[in-house]
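Values in this text are rule-based calculations from the coordinates and carry no lab data. Quick caveat: nothing in here was measured; it's all calculated off a predicted structure. Every residue, glycine as well, gets a Cβ built from its backbone with ideal geometry; the counts of neighbours run over all protein chains shown.
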Amino acid sequence: MKKIKALVVDDSAYNRQVITKMLAADADIEVVGSAVDGVDAIAKTLRFLPDVITLDLEMPTMDGFTFLRWLMKERPTPVIVLSSRSDSRSVFRALEVGAVDFLAKPEARISRSIEGVQGELVSKVRGVLNLKMSRVTDTVALLSRQQAAPVLRKEKEGPKERGPIEVVAIASSTGGPPALQAILTALPADLRAGIVISQHMPAGFTKSFAERLNKLSSLIVSEAAAGDRVKPGAALIAPGGFHLVVKRDRKGLVTELVPRAPSDRYVPSADRMMVSVAGACGPAALGVVLTGMGNDGAKGVSAIKKESGQCLAESEESAVVFGMPQEAIRTGAVDKVLTLGGMAQEILLRCNPG
């Protein structure tokens, strides 16, 4: 088997050494070089032609964003950003530019060293190896077109008439943040359904992600808290480290947060969220499975379909990683498969018919 060629880009000599050591410990990964800044990274990319790049964003001379823009134009390559939680806003800008995934560096004051992320880093490197970069660049182009003609934010209105769909439950993982941005920024403020989202993301990043989407979207977007109401025209994002579930009480739909258990494979779990939405909303539920590795969401769409709800999945044509949509489609519960570019319009048609 051909080894995975990795390039490590970081201005910290210590980080370069440790990240190189972590990757090189895997027999299938070869670290072909390291770079101290964006200028060095360009030279090393052209010289070594890596299969994957780990990237620090804050660097002297040429920062990670400038390098990333060059890379996406000249030699699109999977990039995994390594970032501190304190710089989470930068991560989502990088994903919008073309990075495919990110990893949280442990804080320096925490006793667990950066080596604690080894297993996750190796898993992400392996996971992004076979994705098609053309789908990443297509998503970047889609976001650029939407930003050129943004949806105007409407003033807050009174209660909206509920549509046939009461809740849209969205599952996403690798490649998900820009896909979610493309969908939420294309939906109008008068959407007659509420939205709940399970995006696989570590704790400390989901709040910044929600704040960013709230600024860009006509919808009201926030990180979910226990007791939040699911309302039309608003989207709730499951906080990292917790499962988001939806229940119905006398006043309507309300959220609960369930802490992760040691045995949990996906946190937050789209399956748990969708199963709860199916139980609370029945035929008024719409499940949507977007890009991501694994099979989270497959049980969820089956539960929604069992309660006579509706289900959509992103097509292989646009999904950065087709794993989650493919598994959802295989259940037979998906009503329609479509590209990311058409997903928002399809959601709108089902929530605001006529």
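What do you get for the angle between helix 118-128 and the principal long axis of the chain? Use alpha-carbon atoms, 0 to 90 degrees, nearest ten.
Around 70 degrees separate the two axes.
Picking from Ala24, Pro78, Ala284, whose Cα lies most toward the positive end of the charge dipole for the chain (charges on Cβ: Lys, Arg +1; Asp, Glu -1)?
Of the listed residues, the answer is Ala284.
Tell me, what ³J(HN,Hα) does each residue in region 246-261 have, in order and in whole Hz, if you take phi through Karplus 6.51 cos²θ - 1.76 cosθ + 1.60 with θ = phi - 60° and put x for Gly and Pro?
In residue order, the calculated couplings are 10, 10, 10, 10, 5, 9, x, 9, 9, 9, 10, 10, 10, x, 5, 9 Hz.
Lys247: which lysines have alpha carbons under 16 Å from its alpha carbon, excluding same-chain residues fewer than 8 sequence positions away?
List returned: Lys231.
So which of Lys44/Lys124; Lys21/Lys44; Lys5/Lys215 end up more than 28 Å apart by C-alpha? Don't jump to the answer; show the numbers that get you there.
On the way: Lys44/Lys124 21 Å; Lys21/Lys44 18 Å; Lys5/Lys215 38 Å.
Pairs exceeding the cut-off: Lys5/Lys215.
If you line up the long axis of helix 13-24 against the longest principal axis of the chain, both from Cα atoms, how many degrees apart are they, to the nearest 10?
80 degrees
Give the lysines reachable from Lys336 as a straight Cα distance under 19 Å; neighbours fewer than 8 places away on the same chain don't count.
Lys299, Lys305, Lys306
Calculate, in nm to one decimal, what Asp87 and Lys306 gain on full extension: separation in residues at 0.36 nm each, minus their alpha carbon distance.
On the way: separation 219, 0.36 × 219 = 78.84 nm, distance 4.21 nm.
That pair, Asp87 and Lys306, stretches by 74.6 nm at full extension.
Roughly how many Å is it from the Cα centre of region 1-25 to that of region 307-354, as a whole number?
37 Å
Under a straight-distance cross-link criterion of Cα-Cα below 16 Å, which aspartates and glutamates are reachable from Lys132, leaving out those fewer than 8 residues away in the same chain?
Asp51, Glu74, Asp101, Glu314, Glu316, Glu317
Treating the angle as unsigned and between 0 and 90°, give the value, to the nearest 10°, between the Cα long axis of helix 64-74 and the longest Cα principal axis of the chain.
Approximately 90 degrees, to the nearest 10.
Given the -39500 (n - 2.57) contribution per DSSP H run of 4+ residues, what per-residue ellipticity at 222 nm results for the chain, rounded to the nearest 500 deg cm²/dmol? Each step should come with its number before you reach the end.
On the way: 12 runs with 132 residues, N = 354.
Value at 222 nm, helices only: -11500 deg cm²/dmol.
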